[in-house]
Amino acid sequence: MRKAGIEMPYFAAFYKSISIRIRSAIENKEFEDNVRMTEFIRVFANFYLDAYEKYHNNTLESDSPWFNAFETGKKKHTILQHLLLGVNAHVNYDLSNTCVVISPGKEIINLSKDYFKINQILSVAIVQLEKDIFYLSPVLGTLAKMIPKLERKLLNFSVSVARAKSCECACIQAMSDEKGKAEAREGSKAMAQEIGNRIMNPGLLANFAVFIIGITEVRGMKKNIEVLEMQE
């Protein structure tokens, strides 16, 4: 059995902060259907937790986007890469499957307002997350000041595009027969795998920049995780 607790701690910290924000929105009755969204975040979280458990029990399929994320997450990469690995697997693959479970068939249409409400919550969280990442990765922070809208090209843009694609995939799954559903799931799985590979291998020049960013990041995983968890 693989040793638990060593993969993707940065994503886990970010995911914790997002979950707290969404639960707070539910408690404040900010969604159109707060009962449905309570079940939504439970199902969504379980896709991640089930993959994590299966990975440590050696039962997670090798073609799962999470398998690649957990395997790669054990190795040393930049904080941003670790975060994007988790976001990629969870959003590009798990999110569309969650939507179909919660709102099957034509019911998927009724989920749209609450789906985009989560988008708003995520966008606000990402603004703070970017500041934290730039603090922990000073070279990346310097580049962000030199290159306009760099953050949108890195994290916010990646998440926004991923959520848009997952929404499209969810609609296709919800309105398709079983064969169509299976094809849509395989398509989102392949897309997540491809994006995961690009995150780890962005190209020769980008790889050099990633190397410089990595060696200049703030050391101390425990301290870094505390920074990522302290989102207001």
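A few points about this structure:
- Largest GNM mean-square fluctuation among M37, M191, M146, using the chain with Cα springs under 10 Å: M146.
- Here the extension length gained between E183 and N57 equals 42.6 nm, from 0.36 nm per residue of separation less the Cα-Cα distance.
- Note on A190 and V218: the model spin-label points, each 7 Å out from Cα along the C-beta direction, lie 4.2 nm apart.
- Across K16/K106; K16/K189; K76/K117; K76/K189; K16/K74; K74/K145, pairs whose alpha-carbon gap is larger than 26 Å: K16/K106; K76/K117; K74/K145
- Solvent-accessible area, 1.4 Å probe, carbon plus sulfur percent, for the chain: 60 percent
- Cα gyration tensor, the chain - rounded (a/c under 1.5), prolate or oblate: prolate
- Placing unit charges on the Cβ atoms only, positive for Lys and Arg and negative for Asp and Glu, gives the chain a dipole magnitude near 640 debye about its Cα centre.
- Under 16 Å from the Cα of K75 - lysines, other chains or at least 8 residues apart: K3
- Computed Rg/Rh of segment 1-90, alpha carbon atoms with Kirkwood Rh: 1.03
- For the pair D50 and I121 in one chain, pulling the backbone fully straight at 0.36 nm per residue adds 23.1 nm over the alpha carbon distance.
- Efficiency of FRET from Cβ geometry, N197 and E27, R₀ 30 Å, rounded to 0.05: 0.15
- Taking every DSSP helix (H) stretch of at least 4 residues in the chain, weighting each as -39,500 (n - 2.57) and dividing the sum by the residue count yields a mean residue ellipticity at 222 nm of -23500 deg cm²/dmol.
The values are calculated or read from the model by the stated rules, or taken from the named source; none is laboratory data. Computed from a predicted model, the values in this text were never measured in an experiment. We place every Cβ from the backbone using ideal geometry, glycine too, and count neighbours over all the protein chains shown. Accessible surface is based on the protein model in full, side chains and every heavy atom, while ligands, DNA and RNA are left aside. Shrake-Rupley method; radii C 1.70, N 1.55, O 1.52, S 1.80 Å.
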